[in-house]
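Colleague: Please find one structure pasted underneath; my questions will follow.
The values are calculated or read from the model by the stated rules, or taken from the named source; none is laboratory data. Here the structure is a predicted model, which is why all the values come from computation and not from measurement. Positions of Cβ are backbone-derived with ideal geometry, glycine not excepted, and every protein chain shown enters the neighbour counts.
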Amino acid sequence: MIETMDNIQTKLAVAISQTMENITFEDVEVVTDETIDPYLGDDKLWAVLPVVEPYAGELVLEVSMACAKILLEEAYGEIDAEPSLEGMQDLVGEILNTLTGRFLDELTPSGQTFQLGLPRKGRGELPKFDDEITSILLSVGEHYLNTTVVGKDLQRANDN
């Protein structure tokens, strides 16, 4: 972990690490090299999952296409054909859903229930967010993924 990470970044990093190990059997590392460009390019997949209760906000996961292909193979074993776009998008959504649950478990008191909204998935340019709180760039081997927390309410939850 990065020593300069704040509390919410640490909780997010723990959640994504646990999620990736359980779903794709891949270790992820927080990218500490500030010379790495966090821009994943136009050819990326993304998913946004709203958190409705107890704290309003959203979690975002961006994955380069190359990384998505690797994660799909790791999650489901060798794939005979070229991985489908739909399969990769579904996996990104599944990873984000699990990540969000683990993150909220880290963020909220034990036993707290939460409600999630309907996910949005896409390819290419990510929608713009006005109240981004924090973002963490992670590596899976030579490839990158980015997680972002959006919403001041989630920041207030972290501060409690």
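Colleague: Contact list please: Cβ distance under 8 Å, first residue in the stretch 47-72 and acidic (Asp, Glu), second residue not in a strand (DSSP E or B), pairs at least six apart or on different chains.
Modeller: Note: pairs meeting the criteria are Glu53/Thr113; Glu53/Phe114; Glu58/Phe129; Glu58/Gly151; Glu62/Leu40; Glu62/Leu126.
Colleague: Restricting to the stretch 105-133, give me the number of residues that are at pLDDT below 85 and of a type in the set (Val, Ile, Thr).
Modeller: Residues meeting the conditions: 2.
Colleague: Kindly indicate whether any position in the stretch 16-31 is in a helix (DSSP H, G or I) and at pLDDT below 80.
Modeller: First, the residues of the stretch 16-31 that are in a helix (DSSP H, G or I): 16-23.
Now drop any that are not at pLDDT below 80, which leaves none.
Looking through the stretch 16-31, none of the residues is in a helix (DSSP H, G or I) and at pLDDT below 80.
Colleague: Looking at Glu106, Glu62, Glu58, can you tell me which residue is surrounded by 12 or more Cβ atoms within 10 Å (Cβ to Cβ) and within 15 Å of Gly151 (Cα to Cα)?
Modeller: Working: Glu106 fails: within 15 Å of Gly151 (Cα to Cα); Glu62 fails: within 15 Å of Gly151 (Cα to Cα).
Among Glu106, Glu62, Glu58, only Glu58 is surrounded by 12 or more Cβ atoms within 10 Å (Cβ to Cβ) and within 15 Å of Gly151 (Cα to Cα).
Colleague: Any residue in the stretch 111-128 that is within 15 Å of Ala56 (Cβ to Cβ) and surrounded by 15 or more Cβ atoms within 10 Å (Cβ to Cβ) sitting within a Cβ distance under 8 Å of a residue that is among the β-branched types (Val, Ile, Thr) and modelled with pLDDT of 90 or more? List the pairs, counting only those 6 or more apart or interchain.
Modeller: Phe114/Val51; Phe114/Val52; Leu116/Val51; Leu116/Val52; Leu116/Thr100
Colleague: Mind checking which residues of the stretch 67-108 are over 13 Å from the mean Cα position of the chain (by Cα), of a type in the set (Lys, Arg) and within 19 Å of Ser135 (Cα to Cα)?
Modeller: Of everything in the stretch 67-108, nothing turns out to be over 13 Å from the mean Cα position of the chain (by Cα), of a type in the set (Lys, Arg) and within 19 Å of Ser135 (Cα to Cα).
Colleague: Could I ask something else about it? So if I check each of Thr113, Thr134, which one is more than 22 Å from Ala66 (Cβ to Cβ) and over 14 Å from the mean Cα position of the chain (by Cα)? Don't jump to the end; show me each part of the working.
Modeller: Details: Thr134 fails: over 14 Å from the mean Cα position of the chain (by Cα).
Among Thr113, Thr134, only Thr113 is more than 22 Å from Ala66 (Cβ to Cβ) and over 14 Å from the mean Cα position of the chain (by Cα).
Colleague: Related question: Going by the conditions given, is Arg102 modelled with pLDDT of 85 or more and over 17 Å from Leu71 (Cβ atoms)?
Modeller: Working: modelled with pLDDT of 85 or more: yes; over 17 Å from Leu71 (Cβ atoms): no.
It is false that Arg102 is modelled with pLDDT of 85 or more and over 17 Å from Leu71 (Cβ atoms).
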